[in-house]
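**Q** A single structure is presented below for examination.
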Amino acid sequence: MNVKRVVEIRVPSCLGYEKIPIAAGAIIAEKMGFSSERIDGLKTSVGEAVANAIEHGNQSIVDAMVIIKFTIQEKSLAVDIIDQGLQPIPEIPPERAERGDHRGWGMVWLQDFMDEIQVLARPGRNELHMIIYLER
């Protein structure tokens, strides 16, 4: 029987708070038996996704919460990042467009580190659903 366990975290939209779900994701993944390399990728992905939700989806409005849900299954960890959708989340580009400011890598990195990604943007709510499997 595959029992799901869920850990939910809510953080205010202020950069720096993304460190809380990064740490939680690492602890969960370690307990599940993920390799250190996969944990590092998960940490990068969670950090980038939450920072994007803070900066873009919630436009850094401190009272607008970002919800992070970790769903633990037997062979995978799903991570859902949900914001207020003040700016719609873009589709994940196949490649990063050249930029002079060295920004814009976050969504590209998600493709490198996570095994599945789904983006859902609708008025008032952005959702990023990511899955990482114990083994690639």
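**Q** How large is the charge dipole for the range 5-133, taken about the Cα centre, if only the Cβ atoms of Lys, Arg (+1) and Asp, Glu (-1) carry charge, to the nearest 20 debye?
**A** Result for the range 5-133 is approximately 300 debye, rounded to the nearest 20.
**Q** Once Lys and Arg get +1 and Asp and Glu get -1 on their Cβ, which of 119, 131, 12 lies farthest toward the positive end of the dipole of the range 5-133?
**A** 12
**Q** Measuring from the lowest to the highest alpha carbon on each principal axis, how far does the range 5-133 reach, largest first, in angstroms?
**A** Extents along the principal axes, in whole Å: 36, 33, 25.
**Q** Once label points are set 7 Å from the Cα along Cα→Cβ at both residue 73 and residue 133, what is their separation, rounded to one decimal in nm?
**A** Between residue 73 and residue 133, the label points sit 1.1 nm apart.
Where a number appears in this text, it was derived from the coordinates with a stated rule and is not lab data. Here the structure is a predicted model, which is why all the values come from computation and not from measurement. For neighbour counting, all protein chains shown are included, and Cβ atoms are generated from backbone atoms with ideal geometry for every residue, glycine included.
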